[in-house]
Amino acid sequence: MSDKKNISAGVNLFPTPAVMVSSSDSNGNKNILAIAWTGVLSSKPPMVGVGITEERYSYRLINDTREFVINIPTVEQLTALDYCGVVSGKDIDKFSECNLTPEMAASLQWAPLIEECPVNLECKVKEVLNLGSHDYFVAEVVNTRACEEWLTEAGKLRPPAEELMCYVRGKYHQLGKLIAEHGFSR
C-alpha cells in the first residue's frame, strides 16, 4: 500500500446496497424511495435499518404506519431504481411511472412490496434514532419473500451475483465474480 493521507471524516463506507424501499401512509398514499443507506443490525431477531432524511416524502409515510419493505432490485431494474431516487413521490406515482406493481405484503397492513423485485424484506419499525442529518429507522424483518429462481433446493436464498448491484460514491456497480465462500480460510 502506498502512503496514506488523512481526508475529511465523512461517511466513507462502501460499497453499499442499492435498494428500493416501498412504503405507504394510513391513507393509502404509497411511494418508492431508492436508498443506499441501509444495513443489517441483528440476525436474532432479524433487524435492519434505513437512514432517511426528514425532507423525504417516504419519511412521512414510514413515520405514519411504522412499516416499510426493502425491495432488492436486479441490474435490469437499474433505471427504475435510479429514477425512484431522483424524483419525489409527492408529485408522481413512481409505481406507475416505472411500470412496477405494488402488492400487499403478507405481514404488513400498509406498506406494499414491489412484485418485480426478486427479494422483499417486510419490516416493522421498532425505533427511530435521530442521528443528525438522517433519522435511522430500526426495524424487525417480519417476513421475507424471494423468487424461486433465487432459492436452493433446500429453500436457502442464493441470489445470482451477476444480477445484483451496489452503490459506490455516486456510481452503480454490477457484482458478479465469486472469489470465495465464507469459511474458506479454515
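Only the coordinates and a few stated rules stand behind these numbers; no lab work does. Since the structure is predicted, the reported quantities are computational estimates derived from the model, not experimental observations. Virtual Cβ from ideal backbone geometry, glycine too; neighbours counted across all protein chains shown.
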Checked pairs for region 153-164, first in contact (Cβ under 8 Å) with a residue 60 or more places away in the chain and surrounded by 13 or more Cβ atoms within 10 Å (Cβ to Cβ), second hydroxyl-bearing (Ser, Thr, Tyr) and assigned to a loop (DSSP other than H, G, I, E, B), C-beta under 8 Å and 6 or more apart or across chains, list as GLU163/THR74; LEU164/THR74
Please state which of the following conditions ASN130 fails to meet, knowing it meets all the rest: (1) in contact with an Asp or Glu (Cβ under 8 Å, 6 or more places away or on another chain); (2) closer than 22 Å to ILE52 by Cβ.
(1)
Quick check on this structure: which one of ILE32, ILE70, ILE52 is hydrophobic (A, V, I, L, M, F, W, C), in contact with a Leu (Cβ under 8 Å, 6 or more places away or on another chain) and within 20 Å of GLU97 (Cβ to Cβ)?
ILE32
Would you say ALA180 is loosely packed, with under 12 Cβ neighbours inside 10 Å and either small (Gly, Ala, Ser) or within 23 Å of GLU76 (Cβ to Cβ) (or both)?
yes
Give LEU108, LEU33 a once-over and let me know the one that is touching a helix residue (DSSP H, G or I) at 6+ places or on another chain (Cβ under 6 Å), surrounded by 13 or more Cβ atoms within 10 Å (Cβ to Cβ) and either in contact (Cβ under 8 Å) with a residue 24 or more places away in the chain or closer than 26 Å to VAL142 by Cα (or both).
LEU33
Taking region 132-151 as the search range and keeping residues that are outside any helix (DSSP H, G or I) and among the aromatic types (Phe, Trp, Tyr), which one is surrounded by the fewest Cβ atoms within 10 Å (Cβ to Cβ)?
TYR136
Just give me the residues in region 24-68 being outside any loop (DSSP other than H, G, I, E, B) and among the polar types (S, T, N, Q), in sequence order.
SER24, ASN31, THR38, SER42, SER43, SER58, ASN63, THR65
Mind listing whichever residues of region 1-30 are more than 16 Å from PHE137 (Cα to Cα), touching a residue at least 24 places away in the same chain (Cβ under 8 Å) and of a type in the set (A, V, I, L, M)?
ALA18
Taking region 157-176, which residues are closer than 18 Å to ASN71 by Cα and not in a strand (DSSP E or B)?
ARG158, PRO159, PRO160, ALA161, GLU162, GLU163, LEU164, LEU175
Scan region 144-186 for residues that are in contact with a Gly (Cβ under 9 Å, 6 or more places away or on another chain), within 25 Å of PRO46 (Cα to Cα) and of a type in the set (D, E, K, R) and report the count.
1
